[in-house]
Amino acid sequence: GGEAMYPKKTIVDNAVNSKAHTTLVAAVSAAGLVETLQTPGPFTVFAPVNDAFENLPAGTVETLLKPENKKTLTTVLTYHVVSGTYDFKAISEL
């Protein structure tokens, strides 16, 4: 998203400070994943920016953010998180 990400901050702290990740922050909060992503990890998050969410069919985000869809939202978000630290070089070599 073009925002600076600081290694000494948690994933959540970095995302909260990014104007490009406001939808992701709302989704992580709605899914109840804030506490999990504030643990030491390490985690690598493939964090979609707001534009990615805007390209979903109309109503998708709003539907997923409803409390009754928390399980589905959690499933979708956890597909974007892997245990470990991966940079572009490590991922491109997979």
Segment 1-53: chymotrypsin sites (Phe, Trp or Tyr not before Pro) falling in loop per DSSP and having at most 12 other Cβ within 10 Å: F46
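Solvent-accessible area per residue for the chain at a 1.4 Å probe radius, Å²?
Working: 6500 Å² over 94 residues.
For the chain, the per-residue accessible area is 69 Å².
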Stretch in the chain that is longest and holds no trypsin sites (Lys or Arg not before Pro) that DSSP places in a loop and that have at most 15 other beta carbons within 10 Å: 10-94
Rounded if a/c under 1.5, otherwise prolate or oblate - segment 35-94, Cα gyration tensor axes: oblate
Potential extension, E3-E68 segment - 0.36 nm per residue separation minus Cα distance: 20.2 nm
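With charges only on Cβ, +1 for K and R and -1 for D and E, what is the dipole size of the chain about its Cα centre, in debye, rounded to 20? Present the calculation step by step, with values, prior to reporting the outcome.
On the way: 7 positive and 9 negative charges, 37 e Å.
The calculated dipole for the chain is roughly 180 debye.
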Degrees, to the nearest 10: 22-31 long Cα axis against longest axis of the chain: 70 degrees
Length-normalised contact order for the chain - Cα pairs under 8 Å, 6+ apart - percent: 30 percent
Neighbour count of at most 14 Cβ within 10 Å plus DSSP loop: longest GluC sites (Glu not before Pro)-free window in the chain: 4-92
The chain: most fluctuating residue of T44, T78, T60 per GNM, C-alpha cutoff 10 Å: T60
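The values are calculated or read from the model by the stated rules, or taken from the named source; none is laboratory data. The structure presented is a predicted model; accordingly, all values stated were derived computationally and were not measured. Reconstructed Cβ throughout: ideal geometry from the backbone, glycine too, with neighbour counts over all protein chains shown. Remember, those area values only see protein heavy atoms, side chains included, never the ligands or the DNA or RNA. Shrake-Rupley method; radii C 1.70, N 1.55, O 1.52, S 1.80 Å.
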